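Colleague: Dropping a structure here in structure tokens format, bear with me for questions.
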Amino acid sequence: MSESQTEQATVAFEVCEGIAWVKFNRPEKRNCMNPPLNRQMMRVLDELEFRDDVGVLVLAGEGSAWSAGMDLKEYFRETEAKGMGAVRQAQRESYGWWRRLRWYQKPTIAMVNGWCFGGGYGPLFGCDLAFAAEEAQFGLSEINWGILPGGGATKIAVELMTFRNAMYHALMGETIDGKKAAEWGLVNEALPLGALKDRVTEVARVLLQKNPVALKATKDAIRRVGEMTYDNAEDFLVRAQEAANSFDNDGRKEGIRQFIDDKTYKPGLGSYDKSKQK
Ligand code: ACO
């Protein structure tokens with residue numbers, strides 16, 4: 001395999017019925033993230049983001065891992081040996097695709113099938129929703145090999161967990177299973193590995209029925225308002241809705257029409273039928 005083919009093989013993906021299934025694909029290295037994987041993941045995100053046949057993106061891992069974090073050999077040791085320029089470039093490549101995920105056009109779901117360590121928390125937080133196998137193991141293992149949880153992992157721990165749990169998790173370097181990860185807020189739900197894909201598919205299908213402009217506006221709003229005062233958030237949300245209206249003038253009117261005039265659905269209980277939108 002040529003170097004570029006090896007790089008492409010680090011990420012696998014297929015699109016099926018509106019869902020893009022993207023996989024970390026270095027199972028023999030427990031899907032740890034090396035520079036080629038980080039570059040390839042950005043290319044795959046680029047390719048899928050505005051495709052009409054993609055409504056939801058799921059990020060999973062091939063084999064026994066979701067991602068064992070950064071590649072200690074290729075991302076740290078070999079890159080550091082090349083000097084500061086190489087270190088900064090490798091950081092830009094990894095942080096870059098995690099940031100891209102956080103603000104992705106389509107809703108994203110992490111399907112955490114196995115190991116998830118350290119740097120893996122970047123894409124975990126990048127995904128809007130997260131579902132884990134009960135058997136999965138999560139850890140901020142940085143402390144075990146002598147660094148702090150960088151690349152945003154400390155921020156993510158504090159963002160998602162209580163102060164006490166974040167501190168314990170980061171200082172102790174112990175793993176927690178999927179159930180505990182759900183209890184601590186790292187993921188939405190944990191369920192047996194055998195049931196994981198069906199549940200994620202079910203959630204993705206619900207999202208596929210929603211108005212896509214409203215989905216993007218909502219996911220961005222949830223991420224943005226956390227750091228705003230109430231009044232700033234109130235103002236931001238007015239502007240964000242008005243901006244969304246300019247992209248989708250008819251969707252919400254159709255949503256009101258099907259409820260008030262046609263009485264064909266109840267917004268409190270489900271979505272309007274997008275296919276009837278004129
Ligand atoms: N960096 C580099 N290589 C890795 C990494 C990693 N993060 N994780 C696994 N590998 C490699 C192993 O070196 C091994 O390579 P080899 O076959 O050439 O010897 C191969 O992947 C398989 O790993 P094993 O350890 O044999 O797999 P096992 O299933 O027994 O254990 C586990 C899995 C627990 C994930 C273990 O590999 C591990 O502890 N990995 C490191 C996890 C970690 O701490 N990551 C860093 C977080 S901190 C950060 O990301 C900034």
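Just so it is clear, none of the values below were taken in a lab; they were calculated from the coordinates. No experiment lies behind these values; they were computed from the predicted model shown. For neighbour counting, all protein chains shown are included, and Cβ atoms are generated from backbone atoms with ideal geometry for every residue, glycine included.
Colleague: Quick one: angle between helix 193-208 and the longest Cα principal axis of the chain, in degrees between 0 and 90, rounded to 10, please.
Modeller: Taking the Cα atoms of the chain, the angle to 193-208 is about 40 degrees.
Colleague: Any idea what Rg and Dmax come out to for the stretch 55-185 if you just take the C-alpha atoms, in Å?
Modeller: Gyration radius and largest Cα-Cα distance of the stretch 55-185: 14.5, 42 Å.
Colleague: First measure r as the distance between the Cβ atoms of Phe163 and Arg88, then evaluate 1/(1 + (r/R0)^6) with R0 = 35 Å and state the FRET efficiency to the nearest 0.05.
Modeller: Efficiency computed from Cβ-Cβ geometry: 0.65.
Colleague: Report the local net charge at Ala182: Lys and Arg +1, Asp and Glu -1, summed over other residues whose C-beta lies under 14 Å from its C-beta.
Modeller: Result for the local shell: -2.
Colleague: Can you give the angle from 0 to 90° between the axis of helix 251-260 and the longest principal axis of the chain, with both taken from C-alpha atoms, to the nearest 10?
Modeller: The angle comes out at about 50 degrees.
Colleague: Straight-line reach only, C-alpha to C-alpha below 20 angstrom: list the lysines that Lys276 could link to, leaving out same-chain residues fewer than 8 apart.
Modeller: Lys210, Lys253, Lys263, Lys266
Colleague: Then there's this: What Kirkwood Rh does the stretch 143-278 have if only Cα atoms enter the pairwise 1/r average? Answer in Å.
Modeller: Taking the inverse mean of 1/r over all distinct Cα pairs, the stretch 143-278 comes out at 18.6 Å.
Colleague: Over the stretch 128-171, what number does the Rg to Rh ratio reach, with both radii from the alpha-carbon atoms and Rh per Kirkwood?
Modeller: 0.98
Colleague: In terms of Cα to Cα distance under 19 Å, which aspartates and glutamates are near enough to Lys274, apart from those fewer than 8 places away along the same chain?
Modeller: Leaving aside aspartates and glutamates fewer than 8 places away in the same chain, those within reach of Lys274 are Glu17, Asp52, Asp53, Glu202, Asp248, Asp250, Glu254, Asp261, Asp262.
Colleague: If you keep only loop residues by DSSP, which chymotrypsin sites (Phe, Trp or Tyr not before Pro) in the stretch 65-135 have at most 12 other Cβ atoms within 10 Å of their Cβ?
Modeller: When the chymotrypsin sites (Phe, Trp or Tyr not before Pro) of the stretch 65-135 are filtered for loop state and at most 12 Cβ neighbours within 10 Å, Trp103 remain.
Colleague: With labels modelled as points extended 7 Å from the Cα through the Cβ direction, what inter-label distance (nm, one decimal) is found for Lys274 paired with Ala81?
Modeller: 4.9 nm
Colleague: Can you pull a Stokes-Einstein diffusion coefficient for the chain at 10 °C (1.306 mPa s), Rh from Kirkwood over Cα pairs, as a whole number of µm²/s?
Modeller: D, rounded to a whole number, is 79 µm²/s.
Colleague: Related question: When the chain is modelled as a GNM with alpha-carbon springs shorter than 10 Å, which of Asn38, Asn113, Asn245 fluctuates the most?
Modeller: With Cα springs under 10 Å in the chain, the top fluctuation among Asn38, Asn113, Asn245 is at Asn245.
Colleague: Would you mind computing, in nm to one decimal, how far apart the modelled labels at Thr154 and Arg252 are, each placed 7 Å from Cα along Cα→Cβ?
Modeller: 4.0 nm
Colleague: Report the calculated FRET efficiency for Tyr230 and Met1 (r = Cβ-Cβ distance, R0 = 41 Å), to the nearest 0.05.
Modeller: It comes to 0.15.
Colleague: Along the stretch 114-122, what does the Karplus equation 6.51 cos²θ - 1.76 cosθ + 1.60 (θ = phi - 60°) give for ³J(HN,Hα), rounded to whole Hz, x for Gly and Pro?
Modeller: Ordered by residue, 3J(HN,Hα) equals x, 3, 9, 10, x, x, x, 5, x Hz.
Colleague: How large is the helix-only mean residue ellipticity at 222 nm for the chain, computed as the sum of -39500 (n - 2.57) over DSSP H runs with n ≥ 4, divided by its residue count, in deg cm²/dmol to the nearest 500?
Modeller: -14500 deg cm²/dmol
Colleague: Across every pair of different alpha-carbon atoms, what Kirkwood hydrodynamic radius in Å does the stretch 109-204 reach?
Modeller: Evaluated on the stretch 109-204, it is 13.1 Å.
Colleague: Could you work out, for the stretch 1-82, what percent of all Cα-Cα pairs fall into each 5 Å distance bin, beginning at 0 Å and stopping at the bin that holds the largest distance?
Modeller: 3, 16, 23, 22, 18, 10, 5, 2, 1
Colleague: Expressed as an acute angle from 0 to 90° and rounded to the nearest 10, what is the orientation of the C-alpha long axis of helix 230-247 relative to the principal long axis of the chain?
Modeller: Roughly 70 degrees between the two axes.
Colleague: Determine the relative contact order of the chain: mean sequence separation of Cα pairs under 8 Å and six or more apart, normalised by residue count, in whole percent.
Modeller: Dividing the mean separation by the residue count of the chain yields 14 percent.
Colleague: Provide the gained length on full extension for the span Glu47 to Lys73, in nm with one decimal, where the gain is 0.36 nm per separating residue minus the Cα-Cα distance.
Modeller: So the chain would gain 6.5 nm between Glu47 and Lys73.
Colleague: Over the Cα atoms of the stretch 85-151, compute the convex hull volume and normalise it per residue, giving Å³.
Modeller: Taking only Cα atoms, the stretch 85-151 has a hull volume of 87 Å³ per residue.
Colleague: Report the relative contact order of the stretch 185-278, percent, no decimals, based on alpha-carbon pairs under 8 angstrom and at least 6 residues apart.
Modeller: Across the stretch 185-278, relative contact order equals 28 percent.
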